[in-house]
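J.: My questions all concern the structure below.
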Amino acid sequence: MPPSKNANLVLNAERNRRVRLVEAVASLSKGIALESYHDQVQALGPWARELNYVNQHITVPQDQIDNAAKAYHSVARRLVSELKWPDDAIKVLPQGSASTQTLIRSPDRSKFDVDAVCQVDLNRIAARDPIAFFDEVGKALEPLEPTRKNRCWNVDFTGDPFYLEFTPSVPLDTVPTVVREAVARRYIPVEQYRSTALAVVDNRTRQWKTSNPEGMTKWVNDIAQRQLIRFVALEAATALNKSLSIEPVPDQEVEITDTLKVAIRLFKRHRDMCVYRQKIDKEFKPISIIIVTLLTSCYAGLADLGRTYGHPIELLADLADLLPGMVVKLNGKYRVDNPTVEGENFAERWNMDEGERYEAFETWCDILAADMRTILAATDPPEIRERVRSVFGCGANNSGSGGSGNLQPMRRPPSPPPKTTGLA
Amino acid sequence: MSLDVARLWNDFPDLLPKPLSRARGATAFRLKLPSFPWGRDFAWAELVLPYGFPDRAVAKIMLSPDAVLRIPHVEDSGALCIEGDPGPGFGYSANDRALLLLLAYQEKFLEPWLAGDLDGDFSTEPLNYWYIKVAQARSHTDPVRAMWVIDECPTRPQVREGLLVLPSRIVIAGDWDMPLTGRTINSLGAARASQQIRVLIADIPLSHPLTPATWPRTVADLDQLLNGRLRPAQRASFRHPLRRRGGSVHRIVLLRHSTCAFAYLLPGGPATVIELERGKKTYPPLSAPLPLRVHRLDPAWTVGRDQHPEVAHRQTQHVLVLGAGALGSPVVEHLAKAGVGYITLVDGDNLAPANIGRHLLGADTIGQDKAEAVARQVNAAQPASHVTPMVMSAGKWLDNNTLAGVDLVLDLTGEPDVRWQVEQARRLHPCPLLIGWMEPYVAAAHVCSLPFDTLWLQGNEDLMGKLGAVDWPDDVIRQEPGCSSRFQSYTAVAAAYAVAMVAENALKMVDGALPGPRLISWVRGQHYLNAQRSDLTLRDWAIPAAPHDGLMIERSFP
């Protein structure tokens, strides 16, 4: 049987890789006479522990996620009541990182985006024209002062740490046949994910456009479940986590053994830190959907090739190695294909900016690989901790007070009057 | 009223009551520290009571040096920057003041720091922290002491040339093609800018200001940043600059946000030659990047503090000012301070001793041409503007030149002949005109602003006399003792109102904010007139000003 498309991509990336981080990992574990997988897991424990710490550090607190979910449900209810749509004609789902457990906190205090797709059964409502449909949703959201974007309405909830990106859509099958055929001529839903294909409004072309966020979520989740960590090691790693008394994690957190999702989260954080440290231009940074697609394709390709790893750290290192080689260049054009919509190239803008975005991607991959090397070159646990937390911007512990001594009620003199600022 | 330490310890048990001596007569008390989570530790904290506390000094909290640039709100000295001790004058006892400070330390600093709530605070005042870093790295042998930027932040990274100005060791981020470069060097003066050396600058825009948590710390960090932000050709030209006469070139990484900027001088530049009292001494090139303080001298900042977008348009404007007297000279200075890019100043007089009490210029320029001396002074002080002096009468200048290329004419001569000549020139090249004049004692001052299509002389009748606020007795114009020169009596203070009115309206015209003809007058009240002479009365139109110190009155242009 010929290798799969993803397997071929991985083989190609392996041929072209510039560094071999995995060897660094292997040498680390070889440095200790390993009697068993458990020894290997113990040897790599400090890295796993620290990367796990980063993984927890970047997790968006559950209460904020809950508030965001409440927000998009309230928006959905508003649409139903404002637009007089039947209750069962609308379905609101989280999409993107919110649905794949790869939503992460930003390094600064900026808000995070929660993507929600609002599916409306076009057979049940009057709208036919895409822009009219989009505008109608926008009008119903007016009291929330939404901002129009190409495919969604952005709502800023004052006081909450998130924006809601609300994408009006209709199931592809409810779009009139003539229109659907015109849409599908360019963007064909991949058959495997056909049932969840949607038509969203593309404001630039003023037409329907195929999209499949639910299919994308399913694709990532399905592939993430494929196991590349050898079972014994996995067991040991799990045991290690328990023995390290890692605090119980909220439901939305991802364990390091869920390596694909951890890789997505850590690499996205690394990308954000590169932007935060100005090493890549914010405007040209690799967008999350590209990172997700490349990593998931790589993971799938490795699984298709039957590769296995003794420890999640090895797999993370290999993913970092192979990432830059996963971008395809066909006829001089960069391609990162949407696995759920044939013909859609997530890297389309890379071919229209004189190479700025591709160069930023390459730079980021280089820095990621260099940082991974730096981390893996550390030898003792405090050094590993220092390097990991520095690279991923977790300079200090956010876990709360370390006990600030005297918290007894104290005598308190009356507060002084506020100072006024004089002008010179 | 001194501090009762036992009582303070009772109120704040984390205070260790053993007093410690500190520099300059200060007394300190150590504070018990909590068990710190990873990355949040510092070695010690002290309550410091400086010599003079409580009457003449305020108490402060000092943290150990390891807290500087690692923990927000800690100054270079280790002093914690929080409001705590209200100071003398609010009726608090010494103990209450110390206790308020300790409570502030606990509640506004220690607890939020441990909880991570201060982690983003570096970004609220990034330049403060950068200046600490610069001060820590500074030595007297640094090849560069500071950097001055003279244009706005670029939208894309660029590699550009700049000039290292010696002996002041200031790098100006601009080349000779930029007019502001020469003007800025001129402002430094010959003693501070006798030599200029070419340097290379990677000028990189930032999406947000740098903080101690994000700024590059090593050459490798800077290399990564340059790799990521410069295009391949830019990288090549920055890494391997073409040398005009051999030898190495200073290279600077300039990281700019729209509001603040940071720079590093890279190692590997030429050796530094510094003039000492005993002669010159050469110091080897740097071995590590040198952080530099960056001063913004771009007009958007120096002129408008980033609050006046109209400055960009003003930079392109050319204003012709006729008359460099007591009105014209300070008006020119105001226009320059407001960012008018080009000013031609015409005046044929030189400065007399009697001028210096009410002129921009002073005794140091007596006998010099007013136009030249004003231009020299304003150009040195305000590089955002360039004043070109024309030492000749306004009439002669108008004989020899046209108004082509002039965006606004200010006639501040008060001379009817000049008004007539300006009229002829405007017929050939229609151009907005502002006529400004003052009456004796500056009892009134007037600004007439005319758009390009409105003429001053209507039916050959000069309106100035009719527009005045007071019917002046003939003897109000004084004669200088022993010569034929005549003058009006007024002070610089009285004239300042007129200067401000003329300058403000001139700027409105430059900004295009005065579309139609307009006549505005500043008229002093009767009380002011009486203080000058007993026989002065206001004309009917100006009578509303009578009960006031002064009144601004707008009339329609007749």
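The values are calculated or read from the model by the stated rules, or taken from the named source; none is laboratory data. Because the structure is a prediction, the values reported are computed rather than measured. As a convention, Cβ positions derive from the backbone with ideal geometry for all residues, glycine included, and neighbour counts pool all protein chains shown. We work out accessible area using only protein heavy atoms, side chains counted, and drop any ligands, DNA or RNA first. Shrake-Rupley method; radii C 1.70, N 1.55, O 1.52, S 1.80 Å.
J.: Shielding by partners for B:14-22, please: the mean number of other protein chain Cβ atoms within 10 Å of each residue's Cβ.
T.: So the per-residue partner count for this stretch is 1.
J.: Another one. Could you check the simple spin-label distance between residue B:557 and residue B:75, using points 7 Å along Cα→Cβ, in nm with one decimal?
T.: About 5.6 nm separates the two model spin labels.
J.: Computed FRET efficiency, Cβ-Cβ of residue B:66 and residue B:282, R0 41 Å: what is it to the nearest 0.05?
T.: Working from the Cβ atoms, E equals 0.70.
J.: May I pose another question? So how far apart, in nm, are the two label points at residue B:16 and residue B:51 if each is 7 Å from Cα heading toward Cβ?
T.: Taking the simple label geometry, residue B:16 and residue B:51 are separated by 2.5 nm.
J.: Now, a different point. Please sort by residue number the trypsin sites (Lys or Arg not before Pro) in region A:43-85 whose DSSP state is loop and whose Cβ has at most 10 other Cβ atoms within 10 Å. Kindly include the intermediate steps, with their values, before the conclusion.
T.: Values: sites: A:49, A:70, A:77, A:78, A:84; in loops: A:84.
The qualifying sites are A:84.
J.: While we're on this one: Please give the helix B:94-104 orientation as an angle from the longest Cα principal axis of chain B, in degrees from 0 to 90, rounded to the nearest 10.
T.: With both axes taken from Cα atoms, the answer is about 80 degrees.
J.: Shifting gears a bit: Across the residues of B:35-41, average count of Cβ atoms on other protein chains within 10 Å? The partial results should precede the final answer.
T.: Working: counts 4, 5, 8, 11, 8, 6, 2.
Other-chain Cβ atoms within 10 Å of each residue's Cβ, averaged: 6.
J.: Nearest 0.05, what FRET efficiency do residue B:306 and residue A:70 give at R0 = 41 Å with Cβ-Cβ as r? Working shown, then result.
T.: Details: r = 40 Å, r/R0 = 0.97.
Efficiency computed from Cβ-Cβ geometry: 0.55.
J.: What are the residues whose amide H is under 5 Å from the amide H of residue A:347, where those residues sit 5 or more places off or on another chain and H is modelled from the backbone?
T.: Residues meeting the criterion, in which the H sits 1.01 Å from N, are A:336.
J.: Which order, highest average first, do A:293-306, B:132-145 follow once you tally other Cβ atoms within 10 Å for each residue and take the mean per peptide?
T.: My ranking of the peptides, most packed first, is A:293-306, B:132-145.
J.: Work out the FRET efficiency for residue B:155 and residue B:354 from their Cβ-Cβ distance, taking R0 = 30 Å, and round it to the nearest 0.05.
T.: Here the calculated transfer efficiency is 0.05.
J.: Where in region B:28-94 are there trypsin sites (Lys or Arg not before Pro) that are in a DSSP coil and have at most 14 other Cβ atoms within 10 angstrom of their Cβ? Walk me through the numbers before you get to the answer.
T.: Working: sites: B:30, B:32, B:40, B:56, B:60, B:70; in loops: B:32, B:40, B:56, B:70.
Passing sites in region B:28-94 are B:32, B:56.
J.: Right, another one. Determine the shielding of peptide B:115-122 by partner chains: average, over its residues, the number of Cβ atoms on other chains within 10 angstrom of each Cβ.
T.: Neighbouring Cβ atoms belonging to other protein chains average 3 per residue here.
J.: Given the Cα-Cα distance of residue B:500 and residue B:169 and 0.36 nm per residue of separation, how much length would full extension add, in nm? Mind showing how you got there, number by number?
T.: On the way: separation 331, 0.36 × 331 = 119.16 nm, distance 3.79 nm.
Difference between extended and current length: 115.4 nm.
J.: Kindly report, to the nearest 10 Å², the accessible surface of residue A:129 as traced by a 1.4 Å probe over protein heavy atoms only.
T.: Counting only protein heavy atoms, the figure is 80 Å².
J.: Computed on protein heavy atoms with a 1.4 Å probe, what is the summed buried accessible area for the chain pair B and A, in Å² to the nearest 100?
T.: Numbers: alone 26840 and 21480 Å², together 44420 Å².
About 3900 Å² of accessible surface is lost on pairing.
J.: Let me ask you something else. Can you sort A:158, A:174, B:259 by solvent-accessible area, 1.4 Å probe, largest first?
T.: From most exposed to least exposed: A:158, B:259, A:174.
J.: Please give, to one decimal in nm, the separation of the simple spin-label points placed at residue A:194 and residue A:308, each 7 Å out from Cα toward the Cβ.
T.: The answer from the label model is 3.6 nm.
J.: Students often get this wrong, so check it: of A:5/A:149; A:268/A:329; A:111/A:261, which have C-alpha atoms separated by over 26 Å?
T.: Beyond 26 Å between Cα atoms: A:5/A:149.
J.: Related question: Given the -39500 (n - 2.57) contribution per DSSP H run of 4+ residues, what per-residue ellipticity at 222 nm results for the protein assembly as shown, rounded to the nearest 500 deg cm²/dmol?
T.: -10500 deg cm²/dmol
J.: Also, quick follow-up: Sorted by mean Cβ packing within 10 Å, highest first, what order do the peptides A:263-272, A:107-116 take?
T.: A:263-272, A:107-116
J.: Quick check for chain B: number of Lys pairs with alpha-carbon distance under 27 Å, counting only pairs 8 or more apart or on different chains?
T.: Close lysine pairs under the 27 Å cut-off: 14.
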